[in-house]
Amino acid sequence: MPTLTVYGEASDGFIDSDWSSYATARLGGGFKTAYPSGNSIVCGQSYWSTPLYRCTELYIQYNTSAIPGAATIIAVNEYLYVIGYGGSYTEEVRAYNWGASLDTTDWISGADLGGYTLLCSITSPAVSGYFAFPGNKDFIAYINTTGNTIIIHNSSKHRLGTAPTATEYTTYWSVDRSGTTQDPKITIDYSLATPIMTLNKGWW
């Protein structure tokens with residue numbers, strides 16, 4: 001079974017929403033900052049004793065147009081390289097076309113995250129190195145065979161409105177870091193249709 005490996009596009013990044021009130025930070029109504037470049041990308045939530053609450057969403061896309069037109073996709077796995085982590089939460093991957101470049105207008109309020117199709121849900125990583133996000137059937141169906149597959153990562157606690165009491169986030173290497181050995185990537189297992197030969201009874 002063929003497997004296509006695609007590395008992320010340089011447009012990856014993350015957005016922080018900070019405020020002294022968790023409800024405001026979760027909404028995105030406080031101070032938002034977009035990070036469309038840099039060596040790392042971040043997902044999760046955190047609390048600082050100022051007090052300051054921070055909600056962070058991670059944005060990434062992959063050019064998946066190299067999949068043959070006749071292919072049937074069997075499995076999808078995304079891999080992000082963990083370089084730092086803290087706390088425990090469930091990291092969710094969702095379908096969200098945020099466009100060709102990242103800015104603060106791409107932010108999704110925590111209360112609205114559930115309206116975007118869930119592609120993967122998995123306990124946050126607690127080890128360094130590549131961590132797999134196995135795609136569900138909706139991830140398979142969402143793969144764009146003619147262009148970019150565009151997604152967002154969020155904390156389930158951000159979606160549910162569970163305020164952090166400490167750090168609950170994961171930091172990964174981004175595409176901007178030199179080389180590709182630790183880049184975000186996606187693997188797509190697929191099969192190719194085999195022509196079925198039929199017997200024409202009029203030929204001998």
What dipole magnitude, in Debye to the nearest 20, does region 3-192 give about its Cα centre under +1 on Lys/Arg Cβ and -1 on Asp/Glu Cβ?
-> 240
Dipole-positive endmost among Ala141, Ser128, Ile152 within region 91-204 (Cβ charges, Cα centre) | Ala141
Under 20 Å from the Asp112 label point (7 Å along Cα→beta-carbon), backbone N, region 138-163 = 150-162
Considering only Tyr81, Ser49, Asn39, whose Cα is most displaced toward the positive end of the charge dipole of the chain, charges sitting on Cβ of Lys, Arg (+1) and Asp, Glu (-1)?
-> Tyr81
Positive end of the charge dipole of region 3-192 (Lys, Arg +1 and Asp, Glu -1 on Cβ, about the Cα centre): tell me which of Leu119, Ser20, Gly179 has its Cα farthest that way.
-> Ser20
For the chain: rounded, prolate or oblate by the Cα gyration tensor [a/c cutoff 1.5] | prolate
Sites Thr187 and Ser101 - FRET efficiency at Förster radius 45 Å, r taken between beta-carbons, to 0.05 | 0.95
Taking neighbour counts of Cβ atoms within 10 Å as a proxy for exposure, in what order, fewest first, do Leu102, Leu160, Leu192 appear?
-> Leu192, Leu160, Leu102
How high is the FRET efficiency from Thr90 to Glu9, r the C-beta distance, R0 35 Å, rounded to 0.05?
-> 0.85
Evaluate E = 1/(1 + (r/R0)^6) for Ser40 and Thr146, where r is the Cβ-Cβ distance and R0 equals 41 Å; express this FRET efficiency to the nearest 0.05.
-> 0.85
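Only the coordinates and a few stated rules stand behind these numbers; no lab work does. In this text, all values refer to a predicted model and were calculated from it rather than measured experimentally. Here the Cβ is made from the backbone with ideal geometry for all residues, glycine too, and neighbour counts use every protein chain on show.
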